[in-house]
């Protein structure tokens, strides 16, 4: 069970999403330049990417994805945390206002399906 302190730290509502995300590490000189994985959830502040690939917290990346309404989003982001064997919690660092509004509209369209865990 999550503590109330942890839940209170969330600034944005998260919602489940089934979509691919393409990311490219900006501070890495090795490995594949672009990687495609699946998102598990999204908020106006970031997303959770399902992957077993180990990426250290603090790593910066550019993420590209398409919302279910076909709106394309590109944002510079950083890895906030990793869950070994599960994925990455990613924070958007520079999200355009239009992109933020589209994400919030998507979340609102789900009604009560919003999730509170990462």
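Among the candidates 35, 63, single out the residue that is modelled with pLDDT under 95, touching a strand residue (DSSP E or B) at 6+ places or on another chain (Cβ under 8 Å) and under 14 Å from residue 88 (Cβ atoms). Step through it out loud before you land on a result.
Details: 63 fails: modelled with pLDDT under 95.
Unique residue meeting the criteria: 35.
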Open item on the list: Consider the range 58-85. How many of its residues are outside any strand (DSSP E or B) and closer than 17 Å to residue 20 by Cβ?
Closed with: 5
- [ ] Considering every residue within the range 101-112, establish whether at least one is surrounded by fewer than 12 Cβ atoms within 10 Å (Cβ to Cβ) and modelled with pLDDT of 95 or more.
- [x] no
TODO: Report, ordered by the first and then the second residue, all pairs with beta carbons closer than 9 Å, sequence separation of six or more or different chains, a first member in the range 65-76 that is at positive phi, and a second member that is part of a strand (DSSP E or B) and at pLDDT 95 or above.
DONE: none
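The values are calculated or read from the model by the stated rules, or taken from the named source; none is laboratory data. For clarity, every value in this text was computed on a predicted model and none was experimentally measured. No Cβ is skipped: glycine too gets one built from the backbone with ideal geometry, and neighbour counts run over all protein chains shown.
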